[in-house]
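Novice: Take a look at the following structure, please.
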Amino acid sequence: MRTSQPARRRHFLSFALISSVALLLTSCGTGSGDASAGGGGSGAAAKAARIPTTDVVSGVRKDPAAAKLLPAGVNRLTIAYSVGGTPPGTSYLGDGKTLVGQDVDFANAVAKVLGIRLDKQEASFEAILPALGSGKYDLGAGNFGVTEERRKTIDFVTYINDGQGFAAREDSKLGRITELKQLCGLDIATGAGTTFEATLEQNKHVCADAGEKPYKVQTYSETGALWSSLQQGRSDVVMSTINGLRYSVAQQPGLKFLNEFHRLDVGFAFKKGTKLAPAFQAAVNKLISDGTYRKILDKWGTTGSAIKESRISPPELKN
């Protein structure tokens, strides 16, 4: 399904803004703009994206019972974030140095409960999980969904429930997508190395089984490029995180959220067999019980993704 050229032009400015914001946020890590100056591109991007900056973590106190579960001698860990895109995902403020996002708040809060320091690094989404096994990072955070395939090599400590969803241009004829067969013949943009890419690739046969033209999967490492593909008519639909898509639709005209497709538990990722999992699980549950957890969800507008308790590498949700 393709939109006519005039219709695409009507939405060009809306999608250009989305793409510009996403690209600027992604590139801020090496920038030197001063947010106080008010004129830097990165500062403008942060303002345009309306990134919430309410402090909901500084009041968190160490919990001796949770901290006792840490392996002996652990007081500092290296965490890798997947940076780029729109909230609630991890991005930079206008100073080009301060990481913000839902995952950042959860990680910082857990670190306070456990009384440890986190050395923050950034990496591409698809590079983080393989690097855990080598010991390059102690844990990763980047909206990593718990799947059966990932559980073979990764341990998870869950802290939220998100998952897979779809969005399209406002003028698209697409409605609620309940089965991938509805996408036959279309071009689908999604993130490289994600569960979305895996789901699409594993189910390509549904179109052939139905005697229909297969859909094409287009993968992008940067969110800005993903939205540009939709803007320019090179793709018909975007498959991404439920919360991320809802945010984009709420903030920008020219988009519509189609539906939730598959819910997944999301967690901190560790190498298989880690001894850190029990402490992190206890820390998340402490945040749930003391109310900090709810404050983080309220800040990022993701209360619909709350979990009742943290679990260690639960089975993939089937829905």
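Rule-based calculations on the coordinates, nothing more; no lab input. The structure displayed is predicted, hence computed values, not measured ones. Virtual Cβ from ideal backbone geometry, glycine too; neighbours counted across all protein chains shown.
Novice: Return the sequence-ordered ³J(HN,Hα) values of the range 59-69 in whole Hz as given by the Karplus equation 6.51 cos²θ - 1.76 cosθ + 1.60 applied to θ = phi - 60°, using x for Gly and Pro.
Specialist: x, 6, 10, 5, 10, x, 5, 5, 4, 5, 7
Novice: Okay, next question. Non-local amide H neighbours of residue 122 (under 5 Å, H modeled in plane, Pro and chain starts lacking H): which ones?
Specialist: So residue 122 has HN proximity to 81.
Novice: Show me the trypsin sites (Lys or Arg not before Pro) within the range 233-319 that DSSP assigns to loop and that have at most 16 other Cβ atoms within 10 Å of their Cβ.
Specialist: When the trypsin sites (Lys or Arg not before Pro) of the range 233-319 are filtered for loop state and at most 16 Cβ neighbours within 10 Å, 234, 272, 275, 308, 318 remain.
Novice: For residue 275, which lysines qualify as cross-link partners when the Cα separation must be under 22 Å and same-chain residues fewer than eight apart are set aside?
Specialist: Partners within reach: 62, 68, 112, 120, 136, 152, 286.
Novice: On to the next question. Starting at the first residue of the range 149-162, write each ³J(HN,Hα) from the Karplus equation 6.51 cos²θ - 1.76 cosθ + 1.60 with θ = phi - 60°, in whole Hz, x for Gly and Pro.
Specialist: Using θ = phi - 60°, the values come out as 5, 5, 5, 5, 10, 10, 9, 10, 10, 6, 9, 6, 10, 10 Hz.
Novice: Can you sort 92, 137, 215 so the residue with the fewest Cβ neighbours within 10 Å comes first?
Specialist: 215, 137, 92
Novice: Separate question: Determine which residues of the range 198-225 fall in the zone a paramagnetic label at residue 148 would reach in this model, i.e. backbone nitrogen under 19 Å from the point 7 Å along Cα→Cβ.
Specialist: Correct set: 198-206.
Novice: Enumerate the calculated ³J(HN,Hα) couplings along the range 185-194 in order (Karplus 6.51 cos²θ - 1.76 cosθ + 1.60, θ = phi - 60°), each rounded to whole Hz, writing x wherever the residue is Gly or Pro.
Specialist: These are the phi-based 3J(HN,Hα) values: x, 9, 9, 10, 9, 7, x, 5, x, 9 Hz.
Novice: Counting Lys and Arg as +1 and Asp and Glu as -1, what is the net charge of the other residues whose Cβ lies under 15 Å from the Cβ of residue 198?
Specialist: Neighbour charge sum, excluding residue 198 itself: -2.
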